[in-house]
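Enquirer: Here you go, one structure.
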Protein chains: 2
Amino acid sequence: MKTFNIAIVGLGNIGLEVYKNLNINKNIIQKRTGFKLNILKVSAKNLKKKRNIKIPKNLWEKNPLSLAKNKKIDIIVELVGGSSGIAKKIVFQSIINKKHVVTANKSLISKYGDRLSVLAEKKSVNLLFEAAVGGGIPIIKSIKQGLIANKIFHVYGILNGTTNFILSQMEEKEISFRAALAEAKKKGYAEANPASDINGIDSAEKISILSSICFGCKILNKNFLVEGIKNIGLDDINFAKELDLKIKLLAISEKIGNSIKQRVHPCLIPVKMDISNINGVTNAIVVDGKPIGRTIYEGEGAGKGPTSSAVISDISSIMVGNDDFSFGHSPTTKKKLNIFNFNNHECKYYIRLLVKDKKGVLSKLTTVFAKNNVSIRNLIQKPKHNLSNIVIITHFTKEKNIKKILKNLNSNKENFKDVIIIRIRDEQKL
Amino acid sequence: MKTFNIAIVGLGNIGLEVYKNLNINKNIIQKRTGFKLNILKVSAKNLKKKRNIKIPKNLWEKNPLSLAKNKKIDIIVELVGGSSGIAKKIVFQSIINKKHVVTANKSLISKYGDRLSVLAEKKSVNLLFEAAVGGGIPIIKSIKQGLIANKIFHVYGILNGTTNFILSQMEEKEISFRAALAEAKKKGYAEANPASDINGIDSAEKISILSSICFGCKILNKNFLVEGIKNIGLDDINFAKELDLKIKLLAISEKIGNSIKQRVHPCLIPVKMDISNINGVTNAIVVDGKPIGRTIYEGEGAGKGPTSSAVISDISSIMVGNDDFSFGHSPTTKKKLNIFNFNNHECKYYIRLLVKDKKGVLSKLTTVFAKNNVSIRNLIQKPKHNLSNIVIITHFTKEKNIKKILKNLNSNKENFKDVIIIRIRDEQKL
């Protein structure tokens, strides 16, 4: 029975949990894979940090880069994070030195996944990253293996637990974005600097990885629409409720001909929609393919337990030798596809703004819409302090028209304030 | 590039769809697996049946059992169905003759899965059956590979699309069981003889397979509680609505110490519960494990598209060589566990019955409960024709007490008629 020697680089919450669970479930994994595993080395930036787990001294390695060259090591588990610095170096160096790599690093994979997977194929090693998307949910394995017989044309979901928690809290407790963010920090669901969650970047990295796997294309990691949730107000949550809608930060990708319509932005979705009741830090991913139809995958999107489960599933896949293609295709067959020009996107739009409660303003406002060929479906006006809070729902219209409207409204700060738009997602129209 | 030769036995709806999709998606599968596949032979009971797909004459084999001995064939795809007859023969013979087998046959696997997997390991071939549970949902692969690092202690779900469609229709359209069943037959969701769906047997076979995979135990395919939905009336659906509950046919399995609490029966579940909004023919499976927590998998539970997706994913797994253990463990390490004595099961119970609307009956009824130490939490009485329709919700109590009550009530047909019990599922108490 072959033994696989493993090195874990990075011993934060996740790294420690992987270390712990590899030890606790050693026998189970051995029974299930038919192979032995052995943690040969660990490495971390701060050797003296207090950790609740005792790690034998002989396991520690001061210089993580030396692990990439250690001939005894079969699998490097990179849990440092970030798309540069030590994480990048150790992953590249390990593959160059013919070591398998498991990582939870979405930034690194979104940025260098194409290069890394080509390199891995050349060196005949595996590069796996199940934990980079959807926490513990085995979404990457499911798409690559379970849905292998399908042409996938649409994938979308709630890929960021922090923002979903914030939006759920705003709705449930009727609190502001700021208060909900504070709550998320208190519970450990948001980092001290939550920018990449809040701004949608985390979701964008994840959907770029999923698109590449689903559509067999090179990773499209820039020049697509990425909007976060920091402009969403409690007013929007309340208007949504009135309209039988919910606000969710969605990451969406569709294959349309030879281009990919990939984007991250808040959406208003019908309360009856598949994933509208996914609350808190839960993630959910919806995959549409032929011939399978729709499948949905839900679970905790982050946290040490789920993440370590995903990391160890990758380690096991390498041991069993069952997951040769990082993105489900030989990297040499991955096509370069284009990003869909989002100006041509069509949907209904929700636009909310504050206007001065004076004669003729409403007429000025509706004129802006008429001038830009956008017809209005609903209009709700409510007083707010000495102003009016106005919500407009448009009929189906193009993004480029809405952009013009936004420009018009924002150039008239005298009358129109705090303009926010949210796209309404209507799956009937997909 | 190695070519795998495949034979498909059984060309009903599913078999034809597998044939079709293997041809349509040949290139995709080749790109994704790195191997070629070739349908070498097909076989079906009725050679003359009109089929919409043209199959070259040289592919047809009259005697399916000869395929099990055909040296050129690598993988036998059994889509005949049933736990005896030709399906059983072809699967056993194929494995004995060192051929990999893919099947969608839940009855066969539930009955002979242990023997077959031991045989497959001995002969160094794979026996895979993703399509046997949850239609296209890659639930078996997800548990075996994605959740490989976990100790799973609980799995449950809606595993039968036919009954879920019937219950959904009863609720949505306020129609009787009979009318909903007729609707299901009309739409092709129920077979001419739907007994195994309606009686819960189909769900029972599926949960017995899932238990074995989740808990690493031998298949427990008898002596556990299996109840169907044929006694559920529109009255129950309506009472459930009033109580903010839904009725679902659930298959549930938990590991409790060294025994398995496995069962299939209708449940009343809170409308807020994870899978209460799974309607129509959709299946959903919930898996709880450590360290991952809860993950949920949803998709169409039957039909030719999803089923063929699952069958082809198994064929691909065999080509890639990544799925050696049918049940996720070496069959020699599978333990024999016991079935939990369901008399000791505890939950709240819903009991509905018709009583004569005469003096003293209610007192007689409540005395039966008191005598058997079951305390009543709610009681609703409504007139129905010249009788009274009574619903009682108990506090937590044991199954054995409820059995006594049932016996008491059924022995007094004079006063108590059409007694039905439904277990209330309360996950808080798990």
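The values are calculated or read from the model by the stated rules, or taken from the named source; none is laboratory data. Just so we're clear, the structure is a prediction, and the values are computed from it rather than from any experiment. Because the Cβ atoms are built from the backbone with ideal geometry, glycine has one as well, and the counts that use them run over all protein chains shown. Side chains are part of the model used for accessible areas, which takes the heavy atoms of the whole protein and leaves out ligands, DNA and RNA. Shrake-Rupley method; radii C 1.70, N 1.55, O 1.52, S 1.80 Å.
Enquirer: Name the long-range amide H neighbours of A:Phe4: under 5 Å, sequence gap of 5 or more, or other chain; modelled H, no Pro or chain starts.
Expert: Result for A:Phe4 returns A:Lys36, A:Leu37, A:Asn38.
Enquirer: Separate question: Please work out the average accessible area per residue across the protein assembly as shown, using the 1.4 Å probe convention, and give it in Å².
Expert: Counting only protein heavy atoms, the per-residue value for the protein assembly as shown is 41 Å².
Enquirer: Shifting gears a bit: Bin width 10 Å, alpha-carbon pairs only: give the P(r) of region A:344-429 as whole percents, running from 0 to the bin holding the largest distance.
Expert: 17, 55, 23, 4
Enquirer: Please report the accessible area of B:His345 (heavy atoms, 1.4 Å probe, ligands and nucleic acids excluded) in Å², nearest 10.
Expert: Solvent-accessible area, nearest 10 Å²: 10 Å².
Enquirer: Right, another one. Given the rotation that superposes chain A on chain B, what residue of A brings its beta carbon nearest the axis, and what is the distance in Å?
Expert: A:Asn322, 1
Enquirer: Now, a different point. Toward the positive end of the charge dipole of region A:190-325, about the Cα centre and with charges on Cβ (Lys, Arg +1; Asp, Glu -1), which of A:Ser276, A:Ser313, A:Val226 goes farthest?
Expert: The residue sitting most towards the positive pole is A:Val226.
Enquirer: Quick one: which residues, 5 or more positions from A:Val226 or on another chain, have an amide H under 5 Å from its amide H? H modelled 1.01 Å from N in the peptide plane, none for Pro or chain starts.
Expert: When sequence neighbours closer than 5 places are left aside, the close amide H contacts are A:Val264.
Enquirer: Which of B:Ile278, B:Ile256, B:Ile229 moves most in a GNM of chain B, Cα contacts under 10 Å?
Expert: B:Ile256
Enquirer: Could you sort the residues of region A:290-335 by number and keep only those whose accessible area is reduced by 50 Å² or more in the all-protein-chain setting relative to the chain alone, 1.4 Å probe?
Expert: At a threshold of 50 Å² (probe 1.4 Å), the residues of region A:290-335 that become less exposed are A:Pro291, A:Ile292, A:Ile296, A:Glu298, A:Ser309, A:Asn322, A:His329.
Enquirer: Can you sort B:Lys99, A:Lys356 by 1.4 Å-probe accessible area, starting with the largest? Walk me through the intermediate numbers first.
Expert: On the way: B:Lys99 10, A:Lys356 75 Å².
I get A:Lys356, B:Lys99, largest accessible area first.
Enquirer: List the pairs from A:Lys20/B:Lys248; A:Lys230/B:Lys246; B:Lys26/B:Lys72; A:Lys141/B:Lys99; A:Lys48/A:Lys72; A:Lys98/A:Lys218 whose alpha-carbon separation is above 29 Å, in the order I gave them.
Expert: From A:Lys20/B:Lys248; A:Lys230/B:Lys246; B:Lys26/B:Lys72; A:Lys141/B:Lys99; A:Lys48/A:Lys72; A:Lys98/A:Lys218, over 29 Å: A:Lys20/B:Lys248; A:Lys230/B:Lys246.
Enquirer: Next question, about the same structure. So what does A:Val286 come to for accessible area, using a 1.4 Å probe and Å² rounded to 10?
Expert: Result for A:Val286: roughly 0 Å² accessible.
Enquirer: On to the next question. Taking all protein chains as present, what is the carbon and sulfur share of the accessible area of the protein assembly as shown, in % to the nearest whole number, probe 1.4 Å?
Expert: In the protein assembly as shown, the share of accessible area belonging to carbon and sulfur is 48 percent.
Enquirer: Residue by residue, what Karplus-based ³J(HN,Hα) values in Hz, rounded to whole numbers, does region A:152-168 have, using 6.51, -1.76 and 1.60 with θ = phi - 60° and x for Gly and Pro?
Expert: Per residue, the Karplus-derived 3J(HN,Hα) values read 8, 10, 7, 9, 7, x, 9, 10, 10, x, 4, 5, 5, 4, 4, 5, 4 Hz.
Enquirer: Taking chain A as the reference, fit the longest principal axis to its C-alpha atoms, fit the long axis of helix A:177-186 to the helix C-alpha atoms, and give the angle between the two in degrees, 0 to 90, nearest 10.
Expert: Value to nearest ten degrees: 20.
Enquirer: Mean-square fluctuation check for chain B, GNM, Cα pairs under 10 Å: which of B:Asn372, B:Asn193, B:Asn160 is largest?
Expert: Result: B:Asn193 has the largest fluctuation of those listed.
Enquirer: When Rg is the radius of gyration of the Cα atoms in region B:3-132 and Rh is its Kirkwood radius, what does Rg/Rh come to?
Expert: 0.94
Enquirer: Quick one: dipole size for region B:281-389, taken about the Cα centre, charges +1 on Lys/Arg Cβ and -1 on Asp/Glu Cβ, in debye to the nearest 20.
Expert: Working: 16 positive and 8 negative charges, 252 e Å.
Roughly 1200 debye, rounded to the nearest 20.
Enquirer: Here's something else I'd like to know. List the distances, in nm to one decimal, from the label point of A:Trp60 to the label points of the same position in every other copy, shortest first, placing each label point 7 Å from Cα along the Cα-to-Cβ direction.
Expert: List, nearest first: 7.5 nm.
Enquirer: Sorted by accessible area with a 1.4 angstrom probe, largest first, how do A:Ser208, A:Ser84 fall?
Expert: The ranking, largest first, comes out as A:Ser84, A:Ser208.
Enquirer: Can you tell me, using C-alpha contacts under 8 Å and at least 6 residues apart, the relative contact order of chain A as a whole percent?
Expert: Normalised by residue count, the contact order of chain A is 16 percent.
Enquirer: Starting from the Cα of A:Asn378, move 7 Å in the Cα-to-Cβ direction to define the label point; list residues of region A:209-241 whose amide nitrogen is under 13 Å from there.
Expert: Zone members listed by number: A:236-241.
Enquirer: Could you list the residues of region A:343-374 with an amide nitrogen less than 17 Å from a label point located 7 Å from the Cα of A:Ser411 in the Cα-to-C-beta direction?
Expert: So the set is A:364-374.
Enquirer: Checking an interface number: how much accessible area is buried between A and B, summed over both chains, with a 1.4 Å probe, in Å² rounded to 100?
Expert: 4000 Å²
Enquirer: Hey, another quick one. Which value at 222 nm does chain B reach when only helices count, each DSSP H run of 4 or more adding -39,500 (n - 2.57), with the total divided by all residues and rounded to the nearest 500 deg cm²/dmol?
Expert: Taken over chain B, the calculation gives -10000 deg cm²/dmol.
Enquirer: Then there's this: Between copies, how far apart are the B:Asn412 label points? List them in nm, one decimal, shortest first, with each point 7 Å from Cα toward Cβ, please?
Expert: Those label-point separations list as 7.8 nm.
Enquirer: Then there is this: Just for the Cα atoms in region B:66-158, what are the lengths along the principal axes, largest first, rounded to whole Å?
Expert: Principal-axis extents of the Cα atoms in region B:66-158, largest first: 41, 25, 21 Å.
Enquirer: Follow-up. Just to be sure I understand: of the beta bridges DSSP finds with both ends in chain A, what percent are antiparallel, rounded to 5?
Expert: In chain A, approximately 70 percent of DSSP beta bridges are antiparallel ones.
Enquirer: For region A:141-151, in order, what is each residue's ³J(HN,Hα) by Karplus, 6.51 cos²θ - 1.76 cosθ + 1.60 with θ = phi - 60°, in whole Hz (x at glycine and Pro)?
Expert: Values, residue by residue: 4, 4, 5, 5, 10, x, 9, 4, 7, 10, 8 Hz.
Enquirer: Now for a separate question. Given the Cα-Cα distance of A:Glu346 and A:Asp244 and 0.36 nm per residue of separation, how much length would full extension add, in nm?
Expert: 34.6 nm
Enquirer: Where does helix A:13-24 land angle-wise versus the long Cα axis of chain A, in degrees 0 to 90, nearest 10?
Expert: 40 degrees
Enquirer: Obtain the nm distance between the two label points defined at B:Lys50 and B:Thr3 by a simple spin-label model: each point lies 7 Å from its Cα along the Cα-to-C-beta direction.
Expert: 3.4 nm
Enquirer: Can you give the % of DSSP beta bridges in the protein assembly as shown that are antiparallel, to the nearest 5?
Expert: Antiparallel: roughly 70 percent of the beta bridges in the protein assembly as shown.
Enquirer: Next question. How large is the Rg to Rh ratio of chain A when both quantities use alpha carbon positions and Rh follows Kirkwood?
Expert: 1.03
Enquirer: What is the mean number of Cβ atoms from other protein chains located within 10 Å of the Cβ atom of each residue in peptide A:134-145, rounded to a whole number?
Expert: Working: counts 1, 3, 10, 7, 12, 3, 1, 8, 9, 1, 5, 15.
For this peptide, the per-residue mean of nearby foreign Cβ atoms is 6.
Enquirer: May I pose another question? Using amide H atoms built 1.01 Å from N in the peptide plane, name the residues 5+ places from B:His100, or on other chains, whose amide H lies under 5 Å from its own.
Expert: Amide H to amide H, under 5 Å and 5 or more residues apart or across chains, B:His100 pairs with B:Ile76, B:Asn126.
Enquirer: Also: Stokes-Einstein at 25 °C, 0.890 mPa s, Kirkwood radius from Cα pairs: D for the protein assembly as shown in µm² s⁻¹?
Expert: My calculation gives 84 µm²/s for D.
Enquirer: I'd like the antiparallel share, as a percent to the nearest 5, of DSSP beta bridges with both residues in region A:3-132.
Expert: Bridges in region A:3-132 that DSSP calls antiparallel: roughly 0 percent.
Enquirer: Over 23 Å between Cα atoms, which of A:Lys144/B:Lys89; B:Lys111/B:Lys407; A:Lys89/A:Lys111; B:Lys187/B:Lys304; A:Lys62/A:Lys122 qualify?
Expert: Values: A:Lys144/B:Lys89 33 Å; B:Lys111/B:Lys407 32 Å; A:Lys89/A:Lys111 14 Å; B:Lys187/B:Lys304 14 Å; A:Lys62/A:Lys122 29 Å.
Table pairs above 23 Å Cα-Cα are A:Lys144/B:Lys89; B:Lys111/B:Lys407; A:Lys62/A:Lys122.
Enquirer: Also, quick follow-up: Can you compute the modelled spin-label distance between B:Phe153 and B:Ala179, with each label point 7 Å from Cα toward Cβ, in nm?
Expert: 4.5 nm
Enquirer: Let me ask you something else. Report the net charge of residues surrounding B:Asn63, where surrounding means a beta-carbon distance below 12 angstrom and charges are Lys +1, Arg +1, Asp -1, Glu -1.
Expert: The answer is +4.
Enquirer: Quick one: 3J(HN,Hα) in Hz for region A:267-274, Karplus 6.51/-1.76/1.60 with θ = phi - 60°, rounded, Gly and Pro as x.
Expert: 10, 8, 10, x, 4, 7, 5, 2
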